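The block underneath contains the structure these notes are about, expressed in structure tokens.
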Amino acid sequence: MKYCARCGSEYRDDVERCEGCPSHPPLVSAEEMHSRGLPLPHELDRRVFVRAATTDNPLMVEVFAELLEERDIPVFIRAGRSGVVDKLTTGNLLPWWEILVPEGEQERAALLVERERAQEAATNDEAVRAAEEEERETEPDASPPPSP
Ligand SMILES: [Zn+2]
């Protein structure tokens, strides 16, 4: 059997990549899972993994997971579905992801994720401001809107 180190899913040996994770990470052996401090699916109940954060941004899922792994915090990503299904009004649902860590690491992990999120938001704000300024500079004098 092979395993996804991101979400903990179990796969047949001939499968190369996880289908459930946004980045389709390559699968690893059981030994590799253990060396990273991650339990196999049938061992999961021995260690309590709790939610450190959630995100609906597939890019941030990877950013957060890598951030925590760099700090030697074992991470699991679990795909969730937002809210209550209402096919009449929306028809589709945005996926979201839970970032799970060992219970003892929850506080540290949540803090790291929040810091990263704030940093990301600040970067986005700057990018938006820069784009707006550029627009103002290059924009010709606006002519009055045509009357109806
Ligand atoms: Zn996966």
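The values are calculated or read from the model by the stated rules, or taken from the named source; none is laboratory data. Given the structure is predicted, the values throughout are model-derived calculations rather than measurements. These accessible areas exclude ligands, DNA and RNA; they are computed on the full protein's heavy atoms, side chains included. Shrake-Rupley method; radii C 1.70, N 1.55, O 1.52, S 1.80 Å.
Determine the shape class of region 1-79: with a ≥ b ≥ c the square roots of the Cα gyration tensor eigenvalues, call it rounded for a/c under 1.5, and otherwise prolate if a/b is greater than b/c, oblate otherwise. The shape class here is oblate.
Would you mind telling me the share, in percent, of accessible area of region 1-47 contributed by carbon and sulfur at probe 1.4 angstrom?
Numbers: 1360 of 2850 Å².
Within region 1-47, the accessible surface is 48 percent carbon and sulfur.
Taking only protein heavy atoms and a 1.4 Å probe, what accessible area per residue, in Å², does region 1-47 have with all protein chains in place?
On the way: 2850 Å² over 47 residues.
It amounts to 61 Å² per residue over region 1-47.
Compute the length gained on full extension between Leu44 and Glu114: take 0.36 nm times their separation in residues and subtract their Cα-Cα distance, giving the result in nm to one decimal. Numbers along the way, then the final one.
Values: separation 70, 0.36 × 70 = 25.20 nm, distance 2.59 nm.
Here the answer is 22.6 nm.
Every pair of different Cα atoms in region 1-47 enters the Kirkwood calculation, which places the hydrodynamic radius at 10.5 Å.
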